[in-house]
Amino acid sequence: MERRTTLADNIARFRKSKGYTQEELAGKLSISSQAVSKWENGQSLPDISLLPTLAGLLETDIDTLMGYIPGKKKMTLYEERYRSREYYWGRQPGRMCLELLERFYPIRPLRVLEIGCGEGKDAVFLARNGYQVTAFDAAETGIEKAKRLADIHQVEIRFFQADLRDFRPEEEFDIIYSSGVFHHVLPGIRNELMKHYLSHTAPGGMHALNVFVEKPFIPKPPDSDPEAENWRSGELFTYYGDWVIEECREEIFDCNSSGIPHKHCMDTVFARKPL
Ligand SMILES: C[S@@+](CC[C@H](N)C(=O)[O-])C[C@H]1O[C@@H](n2cnc3c(N)ncnc32)[C@H](O)[C@@H]1O
């Protein structure tokens with residue numbers, strides 16, 4: 001199911017998420033629709049001089065379009081944190097995980113995708129409660145610890161290492177779950193990525209997501225990733241206009257993750273896809 005995107009895939013994906021046909025995109029670039037078709041089939045490449053306009057029309061940037069990920073080395077931030085024997089985020093499930101259990105109990109097999117599972121505390125909790133869990137994170141050290149935690153609790157979880165910026169699941173899930181991760185989804189890919197997750201959720205399925213939100217009166221946390229970018233207040237909720245929003249909330253809370261007390265603002269949504 002893992003798939004690395006290529007320029008061809010990216011052009012097709014971003015074009016569709018913008019709602020353009022190949023003809024419409026070609027028209028905007030004053031080229032033939034056959035040229036766009038060939039790019040998307042991998043038979044030819046766009047002329048380099050077209051790339052800025054193409055990226056602009058698709059509301060992304062050239063790096064993303066080309067599949068170039070300059071931030072790979074930034075993963076070392078979490079790679080380092082997860083290297084110790086202690087569980088940096090602890091072993092107890094997060095609050096959103098408990099709320100999910102109350103809202104959408106697995107009386108039938110429910111397939112969960114956890115994005116950015118860290119050291120696996122939530123994935124393991126969900127698996128222990130009967131969900132079928134697939135979970136990934138960019139940090140290999142986190143995945144290793146998550147696998148160990150799953151072994152301790154004797155649960156089967158499909159864990160793998162992947163970068164959410166270029167990994168697109170091809171299968172459908174009943175639940176898309178992610179906590180404390182989406183500030184790594186930079187604005188240039190938010191729309192396309194969210195649409196992918198929305199369309200890869202089964203009817204009747206649920207999104208349980210939270211994102212850190214920018215507030216001018218809250219200073220940057222001491223352990224924040226300089227490459228990440230908080231969302232705007234309410235931005236997350238705008239993706240669920242045609243879903244049933246079971247709950248959405250915005251909260252400010254205290255955190256001590258780096259040993260230095262600080263605050264975060266977070267938007268959380270539980271939304272259900274109509275049948
Ligand atoms: C604040 S931690 C949250 C971890 C976990 N969700 C939890 O609640 O314990 C953020 C996680 O996002 C992961 N992450 C950061 N950038 C990522 C990316 N581009 N792709 C996948 N995971 C990423 C980090 O490795 C880290 O585990």
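Quick notes
- Residue check for residue 233: within 20 Å of residue 185 (Cα to Cα), touching a His at 6+ places or on another chain (Cβ under 9 Å), among the small types (Gly, Ala, Ser) and assigned by TED's automatic domain parsing to the domain that holds residue 102: no
- Here residue 50 meets the list (1) modelled with pLDDT under 85; (2) over 30 Å from residue 121 (Cβ atoms); (3) not in a loop (DSSP other than H, G, I, E, B) almost entirely, failing just condition (1).
- Of the residues making up region 156-182, just one is within 21 Å of residue 230 (Cα to Cα) and away from the ligand (no atom under 12 Å from the Cβ), namely 176.
- Restricting attention to region 14-36, the residues that are surrounded by 13 or more Cβ atoms within 10 Å (Cβ to Cβ) and assigned to a loop (DSSP other than H, G, I, E, B) total 3.
- Within region 76-94, none of the residues are surrounded by fewer than 20 Cβ atoms within 10 Å (Cβ to Cβ), touching a residue at least 24 places away in the same chain (Cβ under 8 Å) and under 23 Å from residue 196 (Cα atoms).
- Scanning region 96-107 for residues that are surrounded by fewer than 15 Cβ atoms within 10 Å (Cβ to Cβ) and either over 19 Å from residue 272 (Cβ atoms) or out of contact with any strand residue (DSSP E or B) (no Cβ under 9 Å at 6 or more places or on another chain) (or both) yields 98, 102, 105, 107.
- Hits in region 227-250 - residues which are under 10 Å from residue 271 (Cβ atoms), out of contact with any Cys (no Cβ under 7 Å at 6 or more places or on another chain) and among the hydrophobic types (A, V, I, L, M, F, W, C): 236, 243, 244, 245, 248
The values are calculated or read from the model by the stated rules, or taken from the named source; none is laboratory data. Model, not experiment: these values are computed from the prediction. With ideal geometry, Cβ positions are generated from the backbone for all residues, glycine too; neighbour counts draw on all protein chains shown.
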